[in-house]
Structures are given as C-alpha cells and as structure tokens.
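**Q** One structure, pasted below without further comment.
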Amino acid sequence: MKMFDRYFILDTDQVILFILAGLSFCIVFGLSAPALLMNDEWITVNQLNQLVTGSQLIENEGKYGSNLSHEQTEYFSTRGNFLGYSIFLPLVSIFAMKLILISEESFRLLFLMIWFVVTISALLAGIWLTKQYNKKMPHYALWALLLSFFGLFLLNLYYYQPFYFSIDKDPIESAAVIFTNEALFALMAPLIYSLFRNLSLNRRSALFSTMALICCSTYFFWSTTAKDHLLVAFLLTVLFWLFSRILSDENKTSWFSFYAISGLLCWARPEFGIFIVVGLIIWNFFLYVSPKIQQTNFLKIGWKQQTIFSAPGLLIGLTPFFVNNYFITGNMFVPPQYYVYSSKLRLTSVISSMDTVQNDIFSRLFLYFGQTINFFKPNIHDILVDIPGLALSPSNGGAGILYICPIILPALLFGLIHRREFFQIYSPKIREMMKFSVIVIILTFIAFSRVINGSTTSLGSLPDMRYFSPLYIPLGIISILLLSPLIMKTSEQYLKYLFISVFICTPILVIGTTLALPFGFTNFMCTNFFMKILIFLVLLIFVLSALDKKFWTRKRLFPLLFSNIIMIPVAFQFFLVVFYGNMKMNGYNFWQPVLEYLFTYVIQIIS
C-alpha cells in the first residue's frame, strides 16, 4: 500500500506539471497576436528567414526593416545593416518554421488545432485529478470550462480565415518565433512548480508559488514578442530548477547540466551569461574553501569529482557561443552584439584590434580584456541617480522592477520582523536557495549596470525594465520562500484568493479602467493608474503590520491583500498583450479568429 501511495504521489505531480504547461500555453496563445511590437525584433526574424533560405547570417537582406521602396530604414543604416544578435532564438524557432512551411496557407489552422488538443488534454487531466481527490466544485468547474472552451473553438472555426503565406513577402517568421517563445513560456510553469516541490513545499503552496512568480514578471508579455528576453528567462528558470535538484539530491549529472545551461546563457545573451558563469565559478570555489559554509552546506560530492563533471558541462554549453561568434564576427571570443555597438560608437572593434596589432599573444589578450572592461564599465553617477527610477517609476514612463514584482516588499517586511528566527523557520534547502537567488540578483545588476540610465530614460527600453527582466525569477523565489511559513499553513486560502484575483478581479479592473477612460488610454496612463492602486495596497499592508501583531497570521486579511497586489502586474500585461496586440507590425492579427473579429468589428483600438 505504501509503495502504491508513493507512486500515486509521483504520478499526481507529473499530472500537475502537464496541466500547468497546457493551461499556460492555452492562455498565452489564446490572447496573443503573432506580430512584432518593436524594431529590435527585425533582427531575429531576418536571421530566421536567412537561416531557412540558406543565405548568409551577417548582413540583413531586407525582408524586415525595409521601407516600401526596399531601402534600409534608419534602424539598420545606423547599425551598418548588421544582424548583430545571437542565432540561438532563430535556431530553436526552426521547428515552428518548418511546420509553417509544410502546412503553408493552413498553418493558422494547424496551430489552432495544437492549441485545442493541448488545452483539452490539460483540462481532462485536471478533471481526472479532481476526481481522484473527490473535489466536487473544482471538478464541475473544469467540466464547465472544458465545454466552454469547446464552444469557443467551434466559434473560432466559424470565423476562421487563413493567414497569408509567402516566404518572400508574408511575415511567417514572426509567427514562428512568437509561437516558439510561447512554447518556452508554457514550459516555465512546470519547472517553477517542480523547483518549489524540490524545496519541500506542499502541492497547494507550490501551485500558488508558481502562479505568483509567473504573474509577478513580464514573461507573459515577452513570450508574445520575437525578442530573446523570454529565452533568457527560460534558461535561467532551468538553472534555478537544476540548483533545486542539487539541493534535493546532489549528483554529478545535475552539476554537469547546471554548468551546461550557464554556458548556454552566454549564447543567448553574452553580456549577461558571461557574468553568470564567472560569478557561479567564484561562488562554487568559496563553497569548498570556506569552513563556515562547509559546516552547513549541501555538498556531498568532492570538489575534484564535481570539477570533472562541471568543466565538460560548461565547455559543451559554451561551444555554441564560440561557434556563433566565429561565424558572425570571425573571432570566437567576440560576440555579434559587441561588434555592432563598437561600430555604432565609431570605436575600433576588438576584431580589427586583435587582427592588426603586431604584438605577442599576451599584449593582444590584454588589449581585448581592456576594451571589454571599457565596454561594460558603468557610469557610477548614472547608477546612483537612476536606481530609484529603475526600482519603481522610471522617467521614460515604463514599469519599474518593484511595479512588476511588488511581492518582494511585504516578503522583506515579514523577513525583517522574523529575522531572529531565520534559522528556525527556514530549512537549510530554503536558505541555500535564497542565498543563490541573492547571488544571481547581484550578478544581474553588475552585468546590466551600464544600461541603467538607458533603461530609465530611453523610450526604446519600454514597456518595463526589459534588460533587468531576469531579476523577476530570483526576486519572486525570495519573496515566496520568505513567506513560505505563512503560505504553507493556509495554502488553500492563498490559492483560492489568487485565483479570484487573477481570473476575476483582473478582468474587472481592465474592463473598468477601459470604460472609465472615454477618450482613450495610453500605456503611461494605465501604468500610472495601476501604480496608485499598488502603492495604496502596499502601504495598507505596512500600516496593518505595524498596528496589528496578528496581521500576518490572520487567515483572510493578508492572503487577500497579497493576492490583490499580484493582480496589478497581471492587468498591466493584459493591456499590453491584448489591447496593443491589434496595433503590432510585420505580422498577423490574433491567433484566435474570434479575437480578430472582435477587434475588427466590435472593439476598435485607435493608435
């Protein structure tokens, strides 16, 4: 009987993982439009086009980013017409691109069928799960949801019109890259759930934590674009998941995979991944050297054995990065991004410097590292001035880090109040994960410190502090783990309030805001309005915490306020994905024909 129970527990978690992936894909695909929002996305889709057609990958051949007379736009002319991004995202988008090429004019129908099958399968799995645990209300709710979704799909078939298909003219690459990003987004939810389960959180707590972390980020929004921010977030999520596996059951394979993924981060975004790799190597060194850490750490494998498996993993992870650099810039150590920015600033690129200097190898290496340091070196004055804007309200009207991940504020308050019981209320695994999260936060700030000023002042950095989007994962993990003693005690209450907040209160807030602004709305207006609600809720939590000693342990008050805080970043992203989805360029209308019909004949968005 015990063996059966253990198998059933494992099977239940696997079913939950599938449900999370399926429903995440259902939501993001169902609400999005496969089109481009910003000109930076032109590079990725051009790379994919030239990959598929077998052309070169260095210069833009003009399918995207050209005007009607087929001349370069200013965007590419200022960049020397150079495709200066990693080809990681275009490469992983080839599968979706092949599906489009095979199905031709019917690719919209094919993707809708995939959406239908995945969603129905996830809902049926949820129905089976609720029946196993004899949960009548969720069971009937899922049946109602399944029937409603089936009706929605029939309605989509009624309004169905195929997307235009032409390799030369139509934006099929936009559809392929965005579909790939949405698939990666769907895989993040089960990874996060598994991470919290590895840290010994119960199922309800892990479900709540997964939803809270996903909601308090902009990954939902970035998955509907052709930018690489979602790819970086996905790889970082895998990295955190692998670390939770190491904490739960350290083995050589986990360390190999851990460093392989960190190497792939360099390929996805070099200026971020390089700092992560170097920082993790230094951190790992101190794990084995420091006597204090050795007394409480999780290490079971000796440093020699770990190095034997970690070093090959890192080398394998870095290999695509080196190959990408060599084929694009001619130098395996010089990423395309650095070469482009050097040219834009009219500086001597590292490539030409290393090729022309007639000195010994050491002089050339010193020159390379010197130029790299100058490139990454931040302006200290800008950092001190712009950090407040970066955190909350930047001058360019974007959303600050705390606006997107506000749950860190009450979590830090709770942690500060209970700082003396830190070692009693948090397990060693949770403490190690919080330490690791802090390390990643520090490394992320160091990596992107040079763009703090641009992130807070440039209109090209909107809608959020996008370069700092990797921070949402460690900030969310720290927030949940700090509050885990509360969440685990009344996890059902937290989960119920979060469902109400996200799926009922958020639509009401969005629709109410739209109706309350008869002369239209802008991204700045919505951000400003939501900011006021957020500040009120956070201040209310702080005031109640000071006035009521039992505030944190009350079963309804804090879970309700905490869930309503999470509502704000969800509403912000909903506006961006749905209302601005109809105003994108170089792409198609919504995946769902029903939404296309609504925003064409019923709801009109005027830019």
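**Q** With label points built 7 Å along Cα→Cβ from the Cα atoms of SER55 and LEU157, find their separation and express it in nm.
**A** The two pseudo-label positions are separated by 3.9 nm.
**Q** Pulled fully out, how much extra length does the chain show between ILE308 and ILE383, if you take 0.36 nm times their separation in residues and subtract their Cα-Cα distance?
**A** Numbers: separation 75, 0.36 × 75 = 27.00 nm, distance 3.96 nm.
Working it through step by step, the gained length comes to 23.0 nm.
**Q** Can you grab the distance from the C-alpha centre of the stretch 229-245 to the C-alpha centre of the stretch 553-607, Å, no decimals?
**A** Their Cα centres are 26 Å away from one another.
**Q** Helices from the chain with mean Kyte-Doolittle at least 1.6 and a Cα length along the axis of 27 Å or more, per DSSP H: which? Mind showing how you got there, number by number?
**A** On the way: long enough: 2-31 (44 Å, 1.32); 107-132 (38 Å, 1.63); 136-158 (33 Å, 1.19); 172-198 (40 Å, 1.06); 229-248 (28 Å, 1.94); 270-289 (28 Å, 1.89); 303-329 (36 Å, 0.56); 428-448 (30 Å, 1.42); 523-547 (36 Å, 2.18).
Qualifying helices: 107-132, 229-248, 270-289, 523-547.
**Q** While we're on this one: What is the distance in Å between the Cα centroid of the stretch 182-215 and that of the stretch 64-118?
**A** Between the Cα centres of the stretch 182-215 and the stretch 64-118 lies a distance of 30 Å.
**Q** Calculate the FRET efficiency for LYS532 and LEU557 from the Cβ-Cβ distance with a Förster distance of 25 Å, rounded to the nearest 0.05. The partial results should precede the final answer.
**A** Values: r = 21 Å, r/R0 = 0.85.
About 0.70, to the nearest 0.05.
**Q** Here is a further query. Would you mind computing, in nm to one decimal, how far apart the modelled labels at GLN132 and GLU105 are, each placed 7 Å from Cα along Cα→Cβ?
**A** 4.6 nm
**Q** Suppose R0 equals 35 Å. What FRET efficiency, 1/(1 + (r/R0)^6) with r the Cβ-Cβ distance, do SER545 and SER148 give to the nearest 0.05? Don't skip to the answer; put the middle values down first.
**A** Working: r = 40 Å, r/R0 = 1.15.
Computed FRET efficiency for SER545 and SER148: 0.30.
**Q** Roughly how many Å² of HIS229 are accessible to a 1.4 Å probe, to the nearest 10?
**A** Ignoring ligands and nucleic acids, HIS229 comes out at about 10 Å².
**Q** Then there is this: Two decimals is fine: what is log10 I(q)/I(0) at q = 0.07, 0.08, 0.13 Å⁻¹ for the chain, from a Debye sum with one equal scatterer on every Cα and no solvent?
**A** Calculated log10 I(q)/I(0) at the listed q: -0.45, -0.59, -1.66.
**Q** Would you please put 328-336, 138-146 in order of how densely packed they are, using the mean number of other Cβ atoms within 10 angstrom per residue and starting with the highest? Before the final figure, lay out the partial values.
**A** Details: 328-336: 20.1, 138-146: 15.6.
Those peptides, ordered most packed to least, come out 328-336, 138-146.
**Q** State to the nearest 20 debye the size of the charge dipole of the chain about its Cα centre, where the only charges are +1 on K and R beta carbons and -1 on D and E beta carbons.
**A** On the way: 40 positive and 29 negative charges, 509 e Å.
The dipole of the chain has a size of about 2440 debye.
**Q** While we're on this one: Counting alpha carbon pairs within less than 8 Å and at least 6 residues apart, what relative contact order, in whole percent, applies to the chain?
**A** Values: 806 pairs, mean separation 121.6, N = 607.
Reported relative contact order: 20 percent.
**Q** Once you have the Cα-Cα distance between ILE316 and ALA141, take 0.36 nm times their residue separation minus that, and quote the gain in nm to one decimal.
**A** Working: separation 175, 0.36 × 175 = 63.00 nm, distance 4.70 nm.
Roughly 58.3 nm would be gained on extension.
**Q** Counting each DSSP H run of 4 or more residues in the chain as -39500 (n - 2.57), what helix-only mean residue ellipticity at 222 nm follows after dividing by all residues, to the nearest 500 deg cm²/dmol?
**A** Details: 30 runs with 420 residues, N = 607.
Calculated at 222 nm, the ellipticity per residue is -22500 deg cm²/dmol.
**Q** Right, next: Got the relative contact order for the stretch 44-121 handy, in percent, Cα pairs under 8 Å and 6 or more residues apart?
**A** On the way: 54 pairs, mean separation 22.0, N = 78.
28 percent.
**Q** Ok, one more. Arranged from highest to lowest average of other beta-carbon atoms within 10 Å per residue, in what order do the peptides 529-542, 455-468 appear? Could the numbers behind the result be given before it?
**A** Numbers: 529-542: 16.1, 455-468: 20.2.
Per-residue Cβ counts within 10 Å, averaged per peptide and sorted highest first, yield 455-468, 529-542.
**Q** Can you list residues from other chains, or at least 5 along the same chain, whose modelled amide H is less than 5 Å from the amide H of ASP464?
**A** Here ALA399 satisfy the definition.
**Q** Taking R0 as 60 Å, what's the FRET efficiency between LEU392 and ILE94 from their Cβ-Cβ distance, rounded to 0.05? Intermediate values should be presented prior to the final figure.
**A** Details: r = 40 Å, r/R0 = 0.67.
In this case the efficiency is close to 0.90.
**Q** Which order do TRP267, TRP255 take by accessible area at a 1.4 Å probe, largest first? Could you put the intermediate results ahead of the total?
**A** On the way: TRP267 30, TRP255 0 Å².
Putting TRP267, TRP255 in descending order of accessible area: TRP267, TRP255.
**Q** Under 1.5 on a/c is rounded, so check that first for the stretch 383-526, then, if it is not, pick prolate when a/b is larger than b/c and oblate when it is not; a ≥ b ≥ c are the square roots of the alpha carbon gyration tensor eigenvalues.
**A** Values: a/c = 2.80, a/b = 1.22, b/c = 2.29.
Cα axes put the stretch 383-526 in the oblate bin.
**Q** What length, rounded to one decimal in nm, is gained on full extension from ASP40 through to SER427, with 0.36 nm per residue of separation minus their alpha-carbon distance?
**A** Numbers: separation 387, 0.36 × 387 = 139.32 nm, distance 4.38 nm.
In short, 134.9 nm is gained.
**Q** Mean separation of Cα pairs under 8 Å and 6+ residues apart, divided by the residue count of the stretch 150-290: what relative contact order is that in percent? Don't skip to the answer; put the middle values down first.
**A** On the way: 105 pairs, mean separation 28.6, N = 141.
It comes to 20 percent, rounded to a whole number.
**Q** For the pairs LYS135/LYS489; LYS489/LYS532; LYS169/LYS227; LYS98/LYS252; LYS169/LYS584; LYS131/LYS429, note any where the Cα-Cα span goes beyond 27 Å.
**A** Details: LYS135/LYS489 20 Å; LYS489/LYS532 31 Å; LYS169/LYS227 21 Å; LYS98/LYS252 36 Å; LYS169/LYS584 17 Å; LYS131/LYS429 33 Å.
Pairs exceeding the cut-off: LYS489/LYS532; LYS98/LYS252; LYS131/LYS429.
The values are calculated or read from the model by the stated rules, or taken from the named source; none is laboratory data. These figures come from a predicted structure and were not determined experimentally. Glycine gets a Cβ as well: all are built from the backbone with ideal geometry, and neighbour counts include every protein chain shown. The area values use the complete protein model at the heavy-atom level, side chains included, leaving out ligands, DNA and RNA. Shrake-Rupley method; radii C 1.70, N 1.55, O 1.52, S 1.80 Å.
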